[in-house]
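Read the structure below first, then the notes.
Since every read-out is calculated from the coordinates, none of them should be taken as a lab result. Model, not experiment: these values are computed from the prediction. Quick reminder, even Gly has a Cβ in these numbers, built from the backbone with ideal geometry, and neighbours come from all protein chains shown.
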Amino acid sequence: MLEYRIEIALWALSGVLPFIMFSLWSQNDVGNSFGLNDIGLARYFLSAFLVRQFSVVWVVFSFEEDSLSGRLSPYLLQPLHPLFRYVASHLAEQATRLPFAIAIAITFFILNPSSFWLPSLPQLFLAYLSTHFAFTIAFLLQSLVAALCFWTEKSSALERLIFVPYLFLSGLLVPLSAFPSNVLKVAMLTPFPYLINFPAKILSAMPVNIFNGFLAQFLWILILVPSVNILWKLGLKRYTAMGA
Amino acid sequence: MIVVDQLSKYYRVANKQPGFKGTLKHFFDRKTYDVPAITDISFKISSGEVVGFLGANGAGKTTLLKMMCGLIHPSTGLVDVVGFSPQRRQTAFLKEITLVMGQKQQLIWDLPPMDSFYVNAAVYGLSDHEANLRINELAEMLELGEELTRPVRKLSLGQRMKSEILAALLHKPSVLFLDEPTLGLDVNAQARVRSFLSEYNKRTGATILLTSHYMADITALCPRVICIHKGKLFYDGDLDLLANSLSPSREVKVELKNPCASEQFEKYGEIQDLNDRFVCLLVSRDKLTDVVSNLLTDFDIIDLEISDPPIDQLIGELFKKGEVN
């Protein structure tokens with residue numbers, strides 16, 4: 001069981017990209033051009049890290065493996081949509097990540113005492129809600145790609161089509177306020193800023209239009225749910241139950 | 001109960017020639033064609049029947065099973081299982097059936113089977129009380145005990161298979177689709193699974209549809225067999241009748257007190273084997289009584305055994321004939 005414990009710790013540590021970005025931006029003093037001082041940058045990237053911990057999604061990889069190995073077949077013959085199994089495993093892993101995320105946040109505050117802050121209860125609640133919606137959008141987006149498994153058998157390769165814009169437009173590498181205004185306008189039309197940037201801004205108490213943010217998250221969920229449903233139904237007609 | 005009417009299934013495939021040129025051609029100018037997996041098959045299965053599906057590898061029996069349980073959509077034709085169209089996978093239908101695949105597992109690898117059982121119980125809407133009753137009943141029938149609280153990865157193949165079967169039967173399905181349920185098991189474990197399935201069929205009246213490469217599974221469990229050859233129905237009926245029609249003769253094995261020459265046996269039947277004091281004759285069924293009586297009179301015999309030729313050998317010959325025809 002030791003291997004599993006180490007694996008869980010590595011999962012949690014694998015999401016440290018925001019800290020790398022923080023050290024990069026703070027050393028070059030570019031933060032000021034984003035309208036953020038060092039403390040603001042630190043809080044933003046810690047928040048981005050925390051949001052990422054509870055919104056990371058890998059359904060496309062699990063689904064592809066299950067689909068190709070035949071494990072999907074028994075799931076399809078149970079009176080529960082197979083995607084709920086993946087939702088359950090994601091939620092279980094989020095719970096597992098919680099103590100590691102808290103430990104990393106405490107370590108961060110010890111190393112950067114000036115950046116310490118405690119969000120108010122309403123902020124915490126809204127950040128939790130928006131992170132949960134961010135997870136839902138990310139899950140639906142990847143499920144859409146995962147459903148392509150019924151056609152391509154290797155849909156994880158297509159996941160890169162989502163991952164690259166996600167990396168740049170979500171706010172994981174840099175706060176979106178650093179983008180030129182026309183790029184920002186285009187970015188805000190995609191679902192990506194609502195996956196990290198929006199919840200991270202709420203959590204770090206940065207100015208953000210909460211109503212517009214939640215409305216956009218809601219609209220994206222409204223678009224993605226039927227899309228996944230339709231693609232899934234079409235895909236099932238093509239399912240050949242290979243490997244089973 | 002189960003109606004299959006003019007069922008066909010075609011798979012669209014594309015061949016790729018080897019090498020770089022083949023790869024380019026496959027990418028830019030892919031030629032696809034339909035491969036028939038099942039062609040125009042019809043049969044009916046009554047409630048409570050145990051039916052074995054026989055056929056060589058790639059004959060189409062697993063494809064047929066997958067269409068009947070609703071995993072894949074038929075290209076043409078109709079399937080009706082307990083009043084449902086399987087490919088629609090309605091909840092009421094899914095609660096009536098189960099699929100066990102010998103080479104695949106649904107149990108959670110790192111957790112004890114008991115955890116998987118409770119997940120399944122929740123999926124099928126069973127209360128804890130119902131689930132516990134059912135687990136205890138099936139565990140007793142399958143002779144499972146403390147294995148149920150050990151991680152699945154620590155269990156032997158036989159224990160794992162029995163746990164798989166328990167998980168698959170938790171919701172009391174009335175139709176069981178079993179695809180090679182004894183695959184890879186040792187002889188004792190195979191026998192235990194077979195006796196469990198037989199007992200389960202008697203107790204619950206569940207319909208069992210079984211594919212297996214082990215003829216012992218079929219002969220022990222299935223009074224009726226459906227033979228599939230190259231996607232077509234080859235035979236549907238009684239297993240004993242099939243054996244009789246395939247082999248109108250029976251084997252008579254004789255142990256003699258003293259060695260005898262082969263010529264002495266030629267008038268009794270076809271000599272299959274002659275080795276010192278042992279002789280094996282193939283005798284037609286209508287002459288069997290007379291031949292046995294004459295042998296006992298004409299020779300000093302220590303032991304005599306009458307048997308059918310091995311069914312797997314007969315079925316093998318049946319498929320070879322199909323290949324030729």
| query | Given the protein assembly as shown, what whole percent of its Cα pairs are spread farther than 37 Å? | reply | 51
| How far, in degrees from 0 to 90, does helix A:210-238 lean away from the longest principal axis of the Cα atoms of chain A, to the nearest 10? | 20
| message | Just to be sure I follow the rule: in segment B:61-209, considering lysines 8 or more places apart or on different chains, how many pairs have Cα atoms under 24 Å apart? | response | 18
| query | In straight Cα distance, which lysines are under 25 Å from A:Lys185, not counting same-chain residues fewer than 8 positions off? | reply | A:Lys201
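In percent, what relative contact order does chain B have, based on Cα pairs under 8 Å that are 6 or more apart in sequence?
Working: 550 pairs, mean separation 58.6, N = 325.
Result for chain B is 18 percent.
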| note | Tilt, helix A:82-111 to longest principal axis of chain A (alpha-carbon atoms), in degrees rounded to tens, equals 20
| remark: Most exposed first, judged by fewest Cβ atoms within 10 angstrom, A:Phe135, A:Phe192, A:Phe125 run A:Phe125, A:Phe135, A:Phe192
| Per q in 0.07 1/Å, what log10 I(q)/I(0) does a Debye calculation on the alpha-carbon atoms of chain A return? | -0.26
| message | Nearest 500 deg cm²/dmol is fine: what mean residue ellipticity at 222 nm does chain B get from its DSSP H runs of n ≥ 4 alone, each adding -39,500 (n - 2.57), divided by its residue count? | response | -11000 deg cm²/dmol
| query | Can you list residues whose amide H is under 5 Å from B:Ala37's amide H, if they're 5+ apart or on another chain and H is modeled 1.01 Å from N? | reply | B:Lys9, B:Tyr10, B:Tyr11
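Give the average, rounded to an integer, of partner chain Cβ atoms located within 10 angstrom of each Cβ in B:98-107.
Details: counts 3, 7, 1, 7, 0, 3, 8, 3, 6, 1.
Mean shielding by partner chains, rounded to a whole number: 4.
State whether segment B:32-95 is rounded, prolate or oblate according to the following rule on the C-alpha gyration tensor (a ≥ b ≥ c being the square roots of its eigenvalues): a/c under 1.5 gives rounded; otherwise a/b larger than b/c gives prolate, and the remaining case gives oblate.
On the way: a/c = 2.03, a/b = 1.30, b/c = 1.57.
In terms of gyration-tensor shape, oblate.
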| query | What angle do you read, to the nearest 10 degrees and between 0 and 90, between the alpha-carbon axis of helix B:113-123 and the longest principal axis of chain B? | reply | 60
| task | Kindly provide the helix-only [θ] at 222 nm of chain A, computed as the sum of -39,500 (n - 2.57) over DSSP H runs of four or more divided by all residues, to the nearest 500 deg cm²/dmol? | result | -22000 deg cm²/dmol
| request: Please work out whether segment B:200-253 counts as rounded, prolate or oblate from its C-alpha gyration tensor, where a ≥ b ≥ c are the square roots of the eigenvalues and a/c under 1.5 means rounded, while otherwise a/b larger than b/c means prolate and anything else oblate? | output: oblate
| field | Averaged over A:77-84, number of beta-carbon atoms from partner chains that fall within 10 Å | value | 6
| Can you list the aspartates and glutamates whose alpha carbon sits under 16 Å from that of B:Lys257, skipping same-chain ones fewer than 8 residues off? | B:Asp276, B:Asp298, B:Asp300, B:Asp303, B:Glu305
| field | Approximate spin-label separation B:Ile271-B:Lys287, in nm, with each point projected 7 Å along Cα-to-Cβ | value | 1.5
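Magnitude of the Cβ-charge dipole of segment B:149-223, K/R +1 and D/E -1, about the Cα centre, nearest 20 debye? List each step's numbers first, then the result.
Values: 10 positive and 6 negative charges, 82 e Å.
That gives a dipole near 400 debye.
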| Hits among lysines - C-alpha to C-alpha of B:Lys25 under 16 Å, sequence gap 8 or more where chains match | B:Lys16
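How do A:59-68, B:176-185 rank on mean C-beta neighbours within 10 Å, highest first? All intermediate terms of the calculation are to be shown ahead of the outcome.
Numbers: A:59-68: 20.2, B:176-185: 22.2.
Descending mean neighbour count gives B:176-185, A:59-68.
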| Which residue fluctuates the most in chain B, going by a Gaussian network model with Cα springs under 10 Å, if the choices are B:Gln105, B:Gln272, B:Gln90? | B:Gln272
| said: Given the options A:Ser227, A:Leu83, A:Phe125, identify the residue whose Cα lies farthest towards the positive end of the charge dipole of chain A (+1 on Cβ of Lys, Arg; -1 on Cβ of Asp, Glu). | reply: A:Ser227
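When you look at the Cβ of every residue in A:68-76, what mean number of other chain Cβ atoms sits within 10 Å? Don't skip to the answer; put the middle values down first.
Values: counts 0, 1, 5, 4, 2, 9, 13, 2, 7.
Taking the mean over all residues of the peptide, I get 5.
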